[in-house]
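Every read-out reported here was derived from the displayed coordinates using simple, explicitly stated rules and does not represent laboratory data. Just so it is clear, the structure is predicted and the values come from calculations on it, not from any experiment. Note: ideal-geometry Cβ built from the backbone for every residue, glycine included; neighbour counts use all protein chains shown.
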Amino acid sequence: MLEEDVRSIPDLRFDIELRMLDPPRVAIRLSFDCTPVGLLFGLPVDGRRVRFAENVFHSFHEGRIAEVWSVITRRRSPPN
């Protein structure tokens with residue numbers, strides 16, 4: 001999955017904004033700022049700059065990821 005993402009988003013990087021731990025669960029908010037080639041989430045962005053955040057939750061069982069929930073939200077630029 002990540003190999004495909006790197007091909008379609010050559011400058012793919014993210015920052016961890018928030019990390020919370022409540023065993024056996026981990027919640028993370030990731031911030032993305034990138035320029036995808038072609039489609040992103042089925043939308044034609046064609047190299048335009050895109051900012052979004054992902055809120056992802058992992059549930060662990062016996063030291064392995066058992067479940068993943070993900071919500072992607074639009075990031076807005078701060079007002080001028």
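Laid out as a table, the results:
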{"read-out": "Net +/- balance of residues flanking residue 33 in space, Cβ distance below 9 Å, scoring K and R +1, D and E -1", "value": "+2"}
{"read-out": "Cα-based Rg / Dmax (Å) for segment 2-74", "value": "14.1, 42"}
{"read-out": "Amide proton proximity set for residue 9, modelled H, under 5 Å, gap of 5+", "value": "37"}
